[in-house]
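Inspection log for the structure reproduced underneath, given as structure tokens.
The values are calculated or read from the model by the stated rules, or taken from the named source; none is laboratory data. All values derive from a computational prediction rather than experimental measurement. As a convention, Cβ positions derive from the backbone with ideal geometry for all residues, glycine included, and neighbour counts pool all protein chains shown. With ligands, DNA and RNA removed, areas are computed over all heavy atoms of the protein, side chains included. Shrake-Rupley method; radii C 1.70, N 1.55, O 1.52, S 1.80 Å.
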Amino acid sequence: MQKLKISGGRKLVGEINISGAKNAALPILAASLLSERNISLNNVPQLNDIATMITLLQSMGVEVIFDDRMQLNLNAQNVNKLIAPYDLVKTMRASILVLGPLVSRFGAAEVSLPGGCAIGARPVNLHIDGLRAMGAEIEVQDGYIKASATKLQGVDYCFKEISVTGTENIMMAAVLANGKTTITNAAKEPEIVDLANFLRTMGATIKGDGTNTIIINGVNKLNGADYKVMPDRIESGTYLVATAITGGKILLKNTSENLLGSVLSKLIEAGAEIETGTDWISLDMQRSNLKAVSFSTSPYPGFPTDMQAQFCALNSVANGKAEMVENIFENRFQHVVELHRMGADIQIKGNIATSRGVDLLTAAPVMATDLRASAGLIIAALAAKGDTIIDRIYHIDRGYERVEEKLQQLGASVSRENS
Ligand code: EPZ
């Protein structure tokens with residue numbers, strides 16, 4: 001089990017390149033199943049979750065080649081296995097994203113139920129309901145979703161609850177279905193728009209992505225595509241918060257100013273000086289004192305749940321009190337007990353965490369429990385007095401490319417250790 005050792009108290013100063021978005025690359029990789037033509041992808045982040053998705057696609061017969069220009073080339077002409085096995089799905093829940101494409105192009109799929117994870121039960125009932133509404137026969141048996149359909153039919157489908165990957169699965173099912181599909185109460189995340197842009201590049205007919213109503217007219221076949229994955233807005237937000245907590249200054253390159261509105265406004269409220277350009281964001285916290293900021297997570301364009309743990313860490317040493325409300329997942333405060341070990345004063349009552357800033361956190365051995373919780377612990381460790389050891393760091397490798405290298409580029413004292 002690998003650990004990160006972070007010696008806190010150093011300002012983060014410098015510039016880094018933001019990687020491609022994990023949560024855009026995953027559905028786009030799954031969408032490669034929809035065509036038998038060549039797909040070339042750029043800006044795909046090198047992360048464990050991406051590797052798992054590639055392994056899953058290869059197990060189905062998709063040909064995957066990384067060329068020397070870090071371009072990922074895929075071809076799904078010879079897919080011969082329509083199964084997503086438990087041993088892969090259990091390591092990466094987003095494997096559920098192959099369900100829609102498989103049923104849509106091949107009329108069959110057997111996908112292991114993803115099961116829950118640290119942050120919640122993570123059901124996929126809405127994915128299944130949507131595909132059933134499109135005419136798929138689906139039974140859930142022996143821990144597997146077994147789906148079949150002669151030909152999916154376009155449908156008007158309203159999500160009872162907003163679901164990011166649920167919306168993505170129904171989008172990918174609809175692009176090859178018979179007729180028109182209207183998805184209402186659709187997720188509006190930028191990653192939905194990136195998937196829609198990719199599908200349009202393949203020849204799909206999609207409108208309304210980024211709003212709560214997406215309209216898709218099915219086509220018979222999809223072409224190949226060359227596509228560049230969007231920047232990772234959560235990685236961007238994470239490094240901005242890491243810089244803010246250390247009173248530093250950072251320039252993020254290869255990102256985008258219009259992906260993080262709710263996060264940037266919270267950072268400005270916390271006292272940060274923010275400037276943005278088309279593909280860059282800068283933050284300067286050298287002349288300000290950190291003020292605690294309250295927030296309530298909600299689907300895009302609201303404050304992202306994937307930034308909640310990072311702001312928990314920030315608020316733990318900010319001036320004043322903050323109320324942090326988690327509305328998306330039922331168990332997404334596991335980082336708080338670890339922050340307590342570092343001296344944070346955060347009380348949890350139901351889905352509300354109330355923080356009172358302390359002058360200084362102190363280093364302690366802590367344990368990562370999920371991807372974004374580990375980002376929160378890294379942020380706390382950067383500001384804490386002493387050497388913090390963060391265990392189970394494989395969580396962070398799922399979603400942050402070359403994390404210690406990027407932190408070292410910014411002046412942090414961080415090293416990876418094998419225990
Ligand atoms: C996506 O997960 C992201 N993952 C998550 O990022 C992110 O936290 C989440 O959206 C919310 O923004 C990817 O895109 C790969 P949901 P997803 O379906 O799609 C309930 C990270 O850190 N729900 O939008 O699984 C669900 O339990 C990860 O990168 C159902 O009840 O989330 C939750 O309470 C963590 N039934 C709410 O909806 C369903 O069928 C939103 O979940 C589906 C969801």
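Measuring from centroid to centroid over Cα atoms, what is the spacing of region 241-303 and region 65-131 in Å?
33
Of the lysine pairs in region 89-212, how many meet both conditions: Cα atoms under 28 Å apart, and a spacing of 8 or more in sequence or different chains?
Final tally of qualifying lysine pairs is 15.
Of ALA292, THR246, ALA309, which is farthest along the charge dipole of the chain in the positive direction, counting Lys and Arg as +1 and Asp and Glu as -1 at C-beta?
ALA292
Among PRO27, PRO365, PRO304, which one shows the biggest mean-square fluctuation in a GNM of the chain, springs joining Cα atoms closer than 10 Å?
Looking only at PRO27, PRO365, PRO304, the largest GNM fluctuation is found for PRO365.
Students often check this: by mean Cβ neighbours within 10 Å, which of 377-384, 184-191, 48-55 ranks highest, and how do the rest follow? Intermediate values should be presented prior to the final figure.
On the way: 377-384: 29.0, 184-191: 21.9, 48-55: 19.1.
The packing order, highest mean first, is 377-384, 184-191, 48-55.
So what is the relative contact order of region 174-282, in percent, for Cα pairs below 8 Å that sit 6 or more residues apart? Write down the numbers at each step before the final one.
On the way: 153 pairs, mean separation 25.0, N = 109.
For region 174-282, the relative contact order is 23 percent.
By per-residue mean of other Cβ atoms within 10 Å, what is the highest-first order of 307-315, 65-73? Could you put the intermediate results ahead of the total?
Values: 307-315: 29.3, 65-73: 12.0.
Taking the mean over residues of other Cβ atoms within 10 Å, the ranking is 307-315, 65-73.
Name the residue, out of ILE16, ILE28, ILE396, whose mean-square fluctuation peaks in a Gaussian network model built on the chain with Cα pairs under 10 Å.
In the Gaussian network model the winner is ILE16.
Quick one: dipole size for region 68-183, taken about the Cα centre, charges +1 on Lys/Arg Cβ and -1 on Asp/Glu Cβ, in debye to the nearest 20. List each step's numbers first, then the result.
On the way: 11 positive and 10 negative charges, 34 e Å.
For region 68-183, the charge dipole is close to 160 debye.
Can you send over the solvent-accessible area of ASP397, 1.4 Å probe, protein chains only, in Å² to the nearest 10?
That residue has around 30 Å² of solvent-accessible surface.
Convex hull over the alpha-carbon atoms of region 62-125: what's its volume per residue in Å³? Present the calculation step by step, with values, prior to reporting the outcome.
Numbers: hull volume 7.2 nm³, N = 64.
Hull volume over Cα atoms, normalised by residue count, gives 113 Å³.
Can you tell me the order of 3-9, 115-121 when each peptide is scored by its average per-residue count of other Cβ atoms within 10 angstrom, highest first?
Details: 3-9: 20.3, 115-121: 15.0.
With the highest mean Cβ count within 10 Å placed first, the list reads 3-9, 115-121.
Residue by residue, what Karplus-based ³J(HN,Hα) values in Hz, rounded to whole numbers, does region 363-373 have, using 6.51, -1.76 and 1.60 with θ = phi - 60° and x for Gly and Pro?
These are the phi-based 3J(HN,Hα) values: 4, 7, x, 10, 10, 6, 10, 7, 4, 7, 4 Hz.
Using Cα pairs under 8 angstrom and six or more residues apart, how large is the relative contact order of region 75-151, in percent?
Working: 99 pairs, mean separation 22.8, N = 77.
Relative contact order of region 75-151: 30 percent.
Determine the share of the chain's accessible area contributed by carbon and sulfur atoms, expressed in whole percent, with a 1.4 angstrom probe.
Numbers: 7390 of 15920 Å².
Summing carbon and sulfur atoms, their accessible area is 46 percent of the total for the chain.
Of ASP279, ASP209, ASP345, which is the most mobile in a GNM of the chain whose springs link Cα atoms less than 10 angstrom apart?
Of ASP279, ASP209, ASP345, the Gaussian network model singles out ASP279 as fluctuating most.
Can you give the charge dipole size of region 278-348 about its Cα centre, rounded to the nearest 20 debye, using +1 on the beta carbon of Lys and Arg and -1 on the beta carbon of Asp and Glu? Could the numbers behind the result be given before it?
Working: 5 positive and 8 negative charges, 51 e Å.
It comes to approximately 240 debye.
Determine the calculated [θ] at 222 nm for the chain from helices alone, applying -39500 (n - 2.57) to every DSSP H run no shorter than 4 residues and normalising by the residue count; nearest 500 deg cm²/dmol.
Working: 14 runs with 130 residues, N = 419.
So the calculated ellipticity at 222 nm is -9000 deg cm²/dmol.
What lysines could a cross-link reach from LYS11, if we take a straight Cα to Cα line under 29 Å and drop same-chain neighbours fewer than 8 places away?
LYS3, LYS22, LYS249, LYS253, LYS266, LYS291, LYS321, LYS385, LYS406
Among residues other than ALA149 whose Cβ falls under 14 Å from its Cβ, what is the net charge (Lys/Arg +1, Asp/Glu -1)?
Numbers: positive: ARG105, ARG132, LYS146, LYS151; negative: GLU110, GLU137, GLU139.
Counting the neighbours of ALA149, the net charge comes to +1.
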